[in-house]
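Q: Take this structure, written in structure tokens, and hold onto it; I'll ask about it next.
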Amino acid sequence: MRYIDGLAGVPLTLLALAGCGQPPAPPRPAVAAAADPASETVRIAMNEFRFTPQMLTLKAGQPYRLVLVNEGSGKHDLTAPAFFRAARAAPAPEGGTIVLAPGESATIDIRPETAGTYDTTCSMFLHSLFGMDGAIKVE
Ligand SMILES: [Cu+2]
């Protein structure tokens, strides 16, 4: 009888312990929204005829706020279709190209998803020949 009483007490003890635990954490979305307030801002400036920085290194799965600024005196674009296909971007640039007039800027919330090195170029006539290209490395 004493043995049975001892066993009967076990489930009650476990229930009591479970009841003392912290309330369950609120459910988290599987994928955070693109406009994550914790995102790091990265800036690419365009000029005649280069991107600054020319090479950008980002981490896969990390949210970033990409700010593109045309500091030049002519129209430029950032063309990186493979990069934008391998990332979540809001707004998603049409054709993977962002065209900016002089003095104009654009802000895109991105989350690179796939590691790799993606070419960036300016598709304006002869600009890449003059050195206006670079790369975004996702690791
Ligand atoms: Cu250009």
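Q: Does segment 39-86 come out rounded, prolate or oblate by the C-alpha gyration tensor, with a ≥ b ≥ c the root eigenvalues, rounded set by a/c under 1.5 and, if not, prolate when a/b is larger than b/c and oblate if not?
A: Taking the square roots of the gyration eigenvalues as a ≥ b ≥ c, segment 39-86 is prolate.
Q: Cα convex hull of segment 86-139: mean projected area in nm², to one decimal?
A: Average of the hull's projected areas for segment 86-139 equals 4.4 nm².
Q: Find how much the distance from GLU48 to ARG85 grows on full extension, using 0.36 nm per residue of separation minus their present alpha carbon separation; answer in nm with one decimal.
A: Answer, rounded to one decimal: 10.6 nm.
Q: Mind giving me the nanometre distance, one decimal, between the label points for ALA38 and LEU129, set 7 Å out from Cα along Cα→Cβ?
A: Placing both labels 7 Å beyond Cα along the Cβ direction yields 4.7 nm.
Quick note: the coordinates plus some simple rules give every number you see, no bench work behind them. As the structure is a prediction and not an experimental result, all values here were calculated from the model. Don't worry about glycine lacking a Cβ; one is built from the backbone with ideal geometry, like all the others, and counts go over all protein chains shown.
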